[in-house]
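Please treat every number below as a calculation from the coordinates, not as lab data. Quick caveat: nothing in here was measured; it's all calculated off a predicted structure. Cβ atoms come from the backbone with ideal geometry, glycine included; neighbour counts cover every protein chain shown.
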């Protein structure tokens, strides 16, 4: 009786082990197929050109005084005139960039009062950039930076560049596959590599009696890395 029980247990154990081995073997087939998948990886680049329609300028006032309080007070009074003039001229997003106060020194290194500076940035249309700079200077600004030219629809342009980059990646993969006597299949993976604005080429954007601002076509570039299946 004991021999029969032992034999039954051994048979069950063997059957269970066989089932495990069969299951592992069945799972190994798709794993091996996935490991043997042929792929081709390429980088696609796409770009879209458009003329900037927005300008960002920075304008400020540097004032001096015998004391720190006197320098700040004079600067605040002069800077309010600049800010009011920018807003009256239609500037948008008038924002303080920096406020500073520092001692002034003579060439001999002796104290000579204080210097206060306040700088704001403002956004306007490309055509209005030169006139806005003139407005700031007429109101008392004695420091001006910019303009920085950008696109108001930059997000839309970048998406268009991304689509062109994906199409370019497909063309590159097709060329490689054809040279190898293969065909491109489905996309295995895709990642965005980045974007960068291109140079701005000359184009006049100001009236004859205002500060000249030159602009032109600006390129928005995107790149993607794509891995395709090879058939």
Practice task
Could you tell me whether segment 111-129 includes any residue that is more than 23 Å from residue 85 (Cα to Cα) and surrounded by fewer than 14 Cβ atoms within 10 Å (Cβ to Cβ)?
Solution key: yes
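Look at segment 158-173 and say how many of its residues are more than 14 Å from residue 227 (Cβ to Cβ) and surrounded by 16 or more Cβ atoms within 10 Å (Cβ to Cβ).
Looking only at that region, the number is 7.
If you take the residues of segment 103-118 that are out of contact with any helix residue (DSSP H, G or I) (no Cβ under 9 Å at 6 or more places or on another chain) and in a strand (DSSP E or B), which of them is farthest from residue 140 (Cα to Cα)?
111
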Exercise for the section: Just give me the residues in segment 66-85 being touching a strand residue (DSSP E or B) at 6+ places or on another chain (Cβ under 6 Å) and under 20 Å from residue 105 (Cα atoms), in sequence order. Expected result: 66, 68, 71, 72, 74, 75
Fill in the blank from the handout: Listed by first then second residue, the pairs whose first member lies in segment 163-188 and is free of Cβ contacts under 8 Å to residues at least 60 places away in the same chain, whose partner is loosely packed, with under 13 Cβ neighbours inside 10 Å and assigned to a loop (DSSP other than H, G, I, E, B), with beta carbons under 6 Å and at least 6 positions apart or on separate chains, are 183/231; 185/231
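Say whether the condition of being outside any strand (DSSP E or B) and more than 19 Å from residue 57 (Cβ to Cβ) is met by at least one residue in segment 125-148.
No, segment 125-148 has no match at all.
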